[in-house]
Amino acid sequence: MKISSIAAALFASLIADGATASYVTTSGTNLELSGKPFYVFGTNAYWVSEMTLTIFSAMARNNLTVCRLWGFADLTTIGSAPNNVVYQLWESGIPTVNTGDNGLGYFDQIVAAAKAAGVKLVVPFVNNWSDYGGMDVYNQQLGGKYHDDFYTDEKIKAAYKNFVKTFVTRYTHEETIMAWQLCDECRCSGSGTLKESGSCTTATLTDWMAEMSSYIKSLDSNHLVASGSEGFMNTDKSVYVYSGPSGVDFDANLAIENIDYGAYHAYPDTWGVATSESRSWGLKWIEDHVASGKKAGKPVILEEYGIKTLDSASYLAWSDQVYKSESNMQYWQFGVKSLSTQDDGYTIFDENELFSNIIVPATAKFASRGFAPRSSSNKTAH
């Protein structure tokens, strides 16, 4: 997408007026900003690159401190991308990182808008799923036979590192970035484009995460690094999400030296949990991950969670549990009704009663502990 010189000048002025103070760091099980505790109540908005950049002001008005959004668009044709935004274009096995106006130049504008609103960003570099390209684009373009070749094939790993290097070094000194993530929901299996090999284990993913987190830290010591995985446990083979499914072991991943905090997700209705048990299941899920964080001496973030029925009782109980645990959370996902933003069934729009009755009070509680976006002062949901 072409950015006019007037728009570019506007974003430059926003950066000058609204510098986001300091990098987010960790101290034991806490996140910190400018040396003070930083408790995250944030959201996800993968579609931000498709919409007006004023979306961050809407987040900030409602005390949403952090937004997780995609740092990937691995495609083989520009025309298949929303708004023709492509971060990496593949052709006959050759990847080209797009630094132009419809590539990382566009991401510059996203960062500038978030910075002006005082919203921090969490950015994963590749998708486990086929949306916006994903791992199997790498695999298919570079001769991979199985989905999990992404984690072991040296040629594929080198291509991933090349993309990461270009992306990370562009923003090494950008304080608006809170964290880089290795992937979105890494698994041995993907969307079905390619099957898994059958030899992929928890060690496969853990070794890959160790290698890639170390690589990112060698490029950029300013920003946090997290896995971006769903946080499946590997403690009870009789229960799916506790059995290390599809190669994910939350505790092993969190123990990696260069993983700064633990990311975990919660989708009971798609993970085989009965609707009537969602609330209690989620409370235990949160409790177990917070306990793992304390054992590892690192923060944890419930960085994606949702129930398609938009169950208010569960959302309230979960946010209370995270708050009492002095932990962090980001719901999936933010929506603005007047802008007709994406609705995947989990979207909580700003005009929804769940947003005004559960989300907004929760964000205010978290903000009262410290940091709040600069656009949130004396404002409420709209």
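Counting each DSSP H run of 4 or more residues in the chain as -39500 (n - 2.57), what helix-only mean residue ellipticity at 222 nm follows after dividing by all residues, to the nearest 500 deg cm²/dmol?
Dividing the helical sum by the residues of the chain leaves -10000 deg cm²/dmol.
Please state, rounded to one decimal and in Å, the Kirkwood hydrodynamic radius that the range 265-355 gives when every pair of distinct Cα atoms enters the mean of 1/r.
With all distinct Cα pairs of the range 265-355 included, I get 13.8 Å.
Nearest 5 is fine: what % of DSSP beta bridges in the range 210-360 come out antiparallel, could you say?
10 percent
Amide H of Phe38: which non-local residues (sequence gap of 5 or more, or other chain) have their own amide H closer than 5 Å, using H built in the peptide plane?
Leu31, Glu32, Leu33
Work out how much length Thr99 to Thr166 would gain on full extension: take 0.36 nm times their residue separation and subtract the Cα-Cα distance, in nm to one decimal.
So the extension gain works out to 23.2 nm.
Sorting check: for 352-358, 180-186, which peptide has the highest mean count of neighbouring beta carbons within 10 Å, and how do the rest follow?
180-186, 352-358
For a quick protection proxy, order the peptides 62-69, 155-162 by their average other-Cβ count within 10 Å, most packed first.
Sorting 62-69, 155-162 by mean packing, highest first, produces 62-69, 155-162.
Test of understanding: ordering Thr270, Thr76 by Cβ neighbours within 10 Å, fewest first, what list do you get?
In order of increasing Cβ crowding within 10 Å: Thr270, Thr76.
Which of the listed residues, Met329, Ser57, Asn98, is farthest toward the dipole's positive end in the chain, when Lys, Arg count +1 and Asp, Glu count -1 at the beta-carbon?
Sorting the options by dipole projection puts first Ser57.
Stokes-Einstein at 4 °C, 1.567 mPa s, Kirkwood radius from Cα pairs: D for the range 83-187 in µm² s⁻¹?
89 µm²/s
Please compute one quarter of the surface area of the Cα convex hull for the range 133-280 and express it in square nanometres.
Computing the convex hull of the Cα atoms and averaging its projections yields 9.8 nm².
Restricting attention to the alpha-carbon atoms of the range 192-238, what are Rg (one decimal) and Dmax (integer), both in Å?
14.0, 41
Using +1 at the C-beta of Lys and Arg and -1 at the C-beta of Asp and Glu, which of Ala158, Ser246, Tyr315 has the Cα lying farthest in the positive direction of the dipole of the chain?
Highest projection toward the positive end goes to Tyr315.
Which value, in debye to the nearest 20, describes the size of the charge dipole of the chain about its Cα centre when Lys and Arg Cβ atoms bear +1, Asp and Glu Cβ atoms bear -1, and nothing else is charged?
840 debye
Beta carbons within 10 angstrom, averaged per residue: use that to sort the peptides 359-372, 117-130, highest first.
117-130, 359-372
Inverting the mean 1/r over all pairs of different Cα atoms, compute the Kirkwood radius of the range 129-178 and quote it in Å.
Evaluated on the range 129-178, it is 12.0 Å.
Whole-Hz Karplus ³J(HN,Hα) for the range 203-211, in order, using 6.51 cos²θ - 1.76 cosθ + 1.60 and θ = phi - 60°, x for Gly and Pro?
3J(HN,Hα) across the range 203-211, in whole Hz: 5, 4, 6, 5, 5, 5, 4, 5, 5.
Taking only C-alpha pairs under 8 Å that are 6+ residues apart, what is the relative contact order of the range 217-284 in percent?
It comes to 29 percent, rounded to a whole number.
Give me the lysines in straight-line cross-link reach of Lys237: C-alpha distance below 29 Å, same-chain residues under 8 apart excluded.
Lys145, Lys195, Lys284, Lys294, Lys295, Lys298, Lys308
Step through the residues of the range 246-255 one at a time and calculate ³J(HN,Hα) from phi using the Karplus curve (6.51 cos²θ - 1.76 cosθ + 1.60, θ = phi - 60°), rounding each to whole Hz and writing x for Gly and Pro.
6, x, 9, 9, 4, 5, 5, 5, 5, 6
To the nearest Å, what is the center-to-center distance of the range 276-330 and the range 154-232, using C-alpha atoms only?
Comparing the Cα centres of the range 276-330 and the range 154-232, I get a distance of 24 Å.
Identify unpaired cysteines across the chain, taking unpaired to mean no other cysteine Cβ lies under 4.7 Å from the residue's Cβ.
Cys67
Order by neighbour count: His289, His265, fewest other Cβ atoms within 10 Å first, most last.
Going from sparsest to densest Cβ surroundings: His265, His289.
Only the coordinates and a few stated rules stand behind these numbers; no lab work does. Keep in mind that what you see is a predicted model, and the values were worked out from it rather than measured. Positions of Cβ are backbone-derived with ideal geometry, glycine not excepted, and every protein chain shown enters the neighbour counts.
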